[in-house]
Amino acid sequence: MLMILSRLDRARFQASVICPAEGELTWLSEGIGAPVSNIESLQARFTWRPDTLVEYLKSFFRVILKLRRMVVEAKPDLIHANTIRAGLVATTATIGTRIPVIWHLHDMLPHHPLSTLIRWFAALSPRTGLLAISQAVALRFRGGLLRLLNACTKVRVIHNGINLKRFAADPAASQRIRQELAVGDEQFLIGIVGQITPRKGQLELIRAFAKVATQLPKAMLAVIGAPLFNDDHDYEEELKRAAESLGIADRVIFTGPRNDVQVIMQALDLLVLNSKVEPFGLVVLEAMACGSPVLATAVDGVPELICHGANGWLVPAGDEKELAKSLVMLATDRKLRSNLVKEAKSNTVQNFSEDKYLRLVESYYLQVGASFTEKAGRKMAGEAGLSPERF
């Protein structure tokens, strides 16, 4: 979202942000020149507990009422809701208006009774546009029933993009990181980057690494990231206990949270994405841009980024034996790694550039706005004084 805000064509679009005051988003948005208005944080998650669900619904209605007042005052031509929850709130808050709302679908919609209601709500709203970050996310959001009825066909897929310059090779920085981690030039550094949480598969990677540790005597494993929630802190402790009990604690590095991931990736000899659920896999593109070969699980949106054996290596999720085998193969086959990196940098990464992403997003904004304008029988944007568009 910050990428979009910072790179929009200011001659065509005028953007402002509505978000909770807590967290970094307010000052980050202001730092790139986007006006910010604050609203209370939405307390809502998927749950099976009736009492908790009631509290979540109360939070929904409070935020909806406040957002409606803010929208009535701002009079935007388009609303870009950056999550499914934000989409639900924004579409409900603008009932009775002619404001189109784009739901940006970043996550795999959970299997839950409420998910069906969410799908139908989005499908039946003529003002709602659906923007998914991968075909996998779009397919899950449509669900079996809507696909059967050929409903909810308005899901548009635009893959995320990255700033290629930010991940350009920097040998000096890479060497500095390896020295900081006490990893020698002769050692093979494997890394897993992301939130410390079970769905990212760090525990399974540690177990697979332990199985091949004797075959790769010079290999090290770096677990890069931090837990965000209470249960995840317990999981992090489980990871450290596992490394200790498997006798590889001296070969597993826990870096904690980092704000220089683009540099750390360049220090890796192999990036592993061992997720059980992965809507897109942005870390895959970042590693490719850095020139690091990628080994990943073939789940959800990942196969949309990796062609097995061409620009990366795929393994089945949950198959520790195959994961361990692939670790050895990639660590010992320098030519294979080089070929994967060459293909990734020359072809795949170029298809996910920041410039291409912005062009597609801006085009989608105009498409959604024009489509609703036509449906509502309004005049064309230029005649209605909607340039620059406000969202």
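Read-outs: derived from the displayed coordinates by stated rules, not from any lab. Computed from a predicted model, the values in this text were never measured in an experiment. No Cβ is skipped: glycine too gets one built from the backbone with ideal geometry, and neighbour counts run over all protein chains shown.
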Within straight-line cross-link reach of K335, aspartates and glutamates at Cα separation under 12 Å, skipping those fewer than 8 residues along the same chain | none
Could you line up V36, V272, V223, V157 from fewest to most neighbouring Cβ atoms inside 10 Å?
-> V36, V157, V223, V272
Student exercise, the chain dipole from Lys, Arg, Asp, Glu Cβ charges, in Debye to nearest 20 = 1320
List the pair-distance distribution P(r) of segment 113-206, using every Cα-Cα distance, as the percent of pairs falling in each 10 Å bin from 0 up to the bin containing the longest distance, rounded to whole percents.
-> 12, 25, 23, 19, 14, 7
Estimated [θ] at 222 nm from DSSP helical runs (n ≥ 4, -39500 (n - 2.57)) normalised by residues in the chain, nearest 500 = -13500 deg cm²/dmol
Above 13 angstrom, tally the Cα pairs of segment 314-353 and express them as a % of all pairs, no decimals.
-> 61
Gaussian network model of the chain, Cα springs within a sub-10 Å range: biggest mean-square fluctuation belongs to which of L42, L314, L228?
-> L228
In degrees between 0 and 90, to the nearest 10, how far off the longest principal axis of the chain does helix 135-148 point, with axes built from Cα atoms?
-> 60
29 Å Cα-Cα reach of K342 towards lysines, excluding residues that sit fewer than 8 places from it in its own chain = K165, K200, K218, K276, K321, K325, K356
Taking the Cα centre of segment 220-363 as origin and charging only Cβ (+1 Lys, Arg; -1 Asp, Glu), how large is the dipole, in debye to the nearest 20?
-> 720
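The chain: Rg/Rh from Cα coordinates, Kirkwood Rh?
Across the chain, the Cα-based Rg/Rh ratio is 1.00.
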Across segment 171-185, in residue order, what do the Karplus-derived ³J(HN,Hα) couplings come to in whole Hz, using 6.51 cos²θ - 1.76 cosθ + 1.60 with θ = phi - 60° and x for Gly and Pro?
-> x, 5, 5, 4, 5, 4, 5, 5, 5, 4, 7, 6, 10, x, 4
Normalising by the residue count of segment 68-225, find the relative contact order in percent from Cα pairs under 8 Å and 6+ residues apart.
-> 15
Would you look at the GNM of the chain, springs on alpha carbons closer than 10 Å, and say which of D300, D170, D231 moves the most?
-> D231
Would you compute, for the Cα atoms of segment 182-278, the largest minus smallest coordinate along each principal axis and list the three values in descending order, in whole Å?
-> 37, 31, 23
Charge dipole (debye, nearest 20) of segment 7-131; +1 at Cβ of Lys and Arg, -1 at Cβ of Asp and Glu | 400
Can you tell which of I118, I196, I162 shows the greatest fluctuation in a Gaussian network model of the chain with Cα springs below 10 Å?
-> I118
